[in-house]
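The values are calculated or read from the model by the stated rules, or taken from the named source; none is laboratory data. These figures come from a predicted structure and were not determined experimentally. With ideal geometry, Cβ positions are generated from the backbone for all residues, glycine too; neighbour counts draw on all protein chains shown. For accessibility, only protein heavy atoms count, side chains too; no ligands or nucleic acids. Shrake-Rupley method; radii C 1.70, N 1.55, O 1.52, S 1.80 Å.
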Amino acid sequence: MAEVAGLVLAAGAGRRYGMPKARVRFQGQLFVQRAVQVLADGGCSPVLAVLGAEADLVRAESPDLNAVDNPDWPQGMGSSLRVGLRAITGDAVIVLPVDTPGIRAEAIQRLLALATPQALLRASYHGEPGHPVLIGRDHWDGVYELATGDAGAREYLRRHKPELVPCEDISDGSDVDKPEQLPQE
């Protein structure tokens, strides 16, 4: 079985939300804690969070968090993805943005079951691509090269057409950009 790391992208300032989404509390946990737990419960090991805005406060609220800092976080998600890819090992990585609280461990398990160093997989919801994304090690250099701004791996995924893995039966892939979009607890 492939060794699959988990990577939570949690460095942004959350301008539309009004605070860094890593620090948003939902169902008794910070978003970053919830995302890390979902990846771990899904079978990823190790799981790493990339922090930026208010990283010291995130760490103070989550002292057990396995995290690295992205000093270039204002440049966007692409810089966090690059920091994360350089900090992990394994055959593949499952990438999860911090602001997707509807993703469940079952979606992680579904992707993980298909993991190989050559795999490029993306959860889909009713035919639309979403998160999480599994990136096999063979793709890491290409993703690293193209990850810029807030697009993350978008350009690499556009060029290399990941296999879509339907997950609407087990997760909600919606992201939360504003407080009013938080699912009801």
Cross-chain or 6+ apart pairs with Cβ under 7 Å, the range 71-84 first and aliphatic (A, V, I, L, M), then in a helix (DSSP H, G or I) and open to solvent by less than 10 Å² (accessible area, probe 1.4 Å) = 81/143
Could you give me the residue pairs with C-beta distances under 8 Å whose first residue belongs to the range 144-159 and is within 18 Å of residue 86 (Cα to Cα) and at pLDDT 90 or above, whose second residue is assigned to a helix (DSSP H, G or I) and of a type in the set (S, T, N, Q) wherever it lies, and which are 6+ apart or on separate chains?
-> 147/79
When residues of the range 77-107 are limited to those that are of a type in the set (A, V, I, L, M, F, W, C) and closer than 26 Å to residue 179 by Cβ, the one surrounded by the fewest Cβ atoms within 10 Å (Cβ to Cβ) = 105
Output the residues belonging to the range 1-52 that are closer than 12 Å to residue 98 by Cβ, β-branched (Val, Ile, Thr) and touching a helix residue (DSSP H, G or I) at 6+ places or on another chain (Cβ under 8 Å).
-> 8, 24, 32, 38, 50
